[in-house]
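The values are calculated or read from the model by the stated rules, or taken from the named source; none is laboratory data. No experiment lies behind these values; they were computed from the predicted model shown. Every residue, glycine as well, gets a Cβ built from its backbone with ideal geometry; the counts of neighbours run over all protein chains shown.
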There are 2 protein chains.
Amino acid sequence: MSIVARQVVDGRRAETLERLLEAGGEELRAVGHEALTVRTVAARAGVSPATAYTYVASKNHLFAELFWRYLDAERPEPTGTDALARLRSTTRSLCERLAAAPELAAAVTPALLSSDPDVERLRLRIGGEFLARFAAAIGDDVPEDRVGPVLEALVMAFSGALLQSGMGLIAYTDLADRLDPVVAAIMEGHL
Amino acid sequence: MSIVARQVVDGRRAETLERLLEAGGEELRAVGHEALTVRTVAARAGVSPATAYTYVASKNHLFAELFWRYLDAERPEPTGTDALARLRSTTRSLCERLAAAPELAAAVTPALLSSDPDVERLRLRIGGEFLARFAAAIGDDVPEDRVGPVLEALVMAFSGALLQSGMGLIAYTDLADRLDPVVAAIMEGHL
DNA sequence: TTCTAACTTGGACACGTGTCCAGTCAAGTG
DNA sequence: CACTTGACTGGACACGTGTCCAAGTTAGAA
């Protein structure tokens, strides 16, 4: 049972949904997000466009859904004895994951800016996920009264890094290396 | 003489360009970036769509150009005796400027993600502008060997904040207040 | 004034998005 | 087995994007 677009999906529909998302991922890898059309994805999934649109509200929604699933699929424990090391391990895992699917990462950034309500839900979930991962990494190593701003700085910096990667200013493979010193700079004086 | 789209523009064309961009701004304020179409902008400027496209390569390019001009038009001196105060004044001016034109800000975020080469140029300029403003605010108050990461952290956090505003997670009017503690957190231990 | 080069235009084009709906199909229930 | 119900489909639709081009129009040089 999976929650998508407009409704909960199970039974026969669940399989079709799986096929559709699978096809979406393949198509994305194959032709990139600019060239991908909902109709080609539908065709790849062996489904009519009209049907595809009953599962996915829009192209942006498709990208957001794919990204969420990709993100959700791997949840590495932060490793390290201090907050900084755990943060580093967290950003590194995230960045590696992005680097392993650059087309998806490039697709999701503009997609999440859509005002589509189905995208909105996922946007909140994804944002919340980043926050939760950083919070988990920090643990309670930062004084209570400063966790707020520090976490917010981390999330903003990470979103900013994503944005800049989406723009092509930073290669996804360089992300982690660029982010390490930034994270260190943010944490300086808070541990 | 102004540089746009494909070529340098002057003389007769310069006026038409001005009219077109003016119309773009009005239309943006009037109907928002989702409802704006190149054709309505052209109509408002009293020009045919075909003509509009000789000035502006795409809708995204139009937004980027409008934003760049808006940003470029006001360059407040950072005020304050220490780097933190000057940074605060810099982010506040930027945020106020964004808050005064939320439609433009909302339009430019997705627009800058376009792969359109004309957008690319502006993207670099705009990114460079943010960097330059923060660098100017910091002056040489941060030890040489740490300016790099600190500046990068600032730019990333600011881009991230823009992204989140574009997503509607932060109202443009709250931006400055949200950013202040983040900037403070980043600068902690570097002054 | 006439010529020329730059500028503008209408209108069609290919293509993508997302919507709609009447009609077909398949499964499992009674 | 006939029936109901939910899933799926084909095909048209309105609308936007960005491109193209042959045919005007305009301004200034000769």
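Of the residues making up the stretch B:141-159, those that are under 16 Å from residue B:184 (Cα atoms), without any contact (Cβ under 8 Å) to a residue 40 or more places away in the chain and either in contact with a Cys (Cβ under 7 Å, 6 or more places away or on another chain) or buried (at least 24 other Cβ atoms within 10 Å of the Cβ) (or both) number 3.
Taken over the stretch A:128-160, the residue count meeting the criterion of being charged (D, E, K, R) and out of contact with any helix residue (DSSP H, G or I) (no Cβ under 9 Å at 6 or more places or on another chain) is 2.
Determine whether residue A:123 is touching a Leu at 6+ places or on another chain (Cβ under 8 Å), more than 19 Å from residue B:153 (Cβ to Cβ), assigned to a helix (DSSP H, G or I) and free of Cβ contacts under 8 Å to residues at least 60 places away in the same chain. Yes: the conditions hold for residue A:123.
Considering only residues in the stretch A:154-180 that are in a helix (DSSP H, G or I) and acidic (Asp, Glu), the one that is farthest from the other protein chains (Cβ to nearest Cβ) turns out to be A:177.
Take the conditions (1) more than 13 Å from DNA strand C (Cβ to nearest atom); (2) modelled with pLDDT under 95; residue A:12 misses just one of them, which is (1).
Scanning the stretch B:47-82 for residues that are of a type in the set (Gly, Ala, Ser), part of a helix (DSSP H, G or I) and surrounded by fewer than 20 Cβ atoms within 10 Å (Cβ to Cβ) yields a total of 2. Determine, yes or no, whether residue B:36 is within 14 Å of chain A (Cβ to nearest Cβ), within 16 Å of DNA strand D (Cβ to nearest atom) and either buried (at least 16 other Cβ atoms within 10 Å of the Cβ) or under 16 Å from residue B:129 (Cβ atoms) (or both). Yes, satisfied.
Screening A:121, A:88, A:97 for residues that are in contact with a strand residue (DSSP E or B) (Cβ under 9 Å, 6 or more places away or on another chain) and over 19 Å from residue B:178 (Cβ atoms) leaves exactly one candidate, A:121.
Results for (1) near DNA strand D (Cβ under 8 Å from one of its atoms); (2) more than 24 Å from residue B:115 (Cβ to Cβ); (3) more than 21 Å from the chain's Cα centre (by Cα); (4) within 14 Å of chain B (Cβ to nearest Cβ), shown as yes or no for each residue.
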residue: A:13; (1), (2), (3), (4): yes, yes, yes, no
residue: A:21; (1), (2), (3), (4): no, yes, no, no
residue: A:32; (1), (2), (3), (4): no, no, no, yes
residue: A:51; (1), (2), (3), (4): yes, yes, yes, no
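The residue of the stretch A:53-76 that is nearest to residue A:113 (Cα to Cα), among those that are within 11 Å of DNA strand D (Cβ to nearest atom) and out of contact with any helix residue (DSSP H, G or I) (no Cβ under 6 Å at 6 or more places or on another chain), is A:53.
Taking the conditions exactly as written (away from DNA strand C (no atom under 13 Å from the Cβ) and assigned to a loop (DSSP other than H, G, I, E, B)), does residue B:40 satisfy them or not? Show your work before the answer.
Working: away from DNA strand C (no atom under 13 Å from the Cβ): yes; assigned to a loop (DSSP other than H, G, I, E, B): no.
The answer is no for residue B:40.
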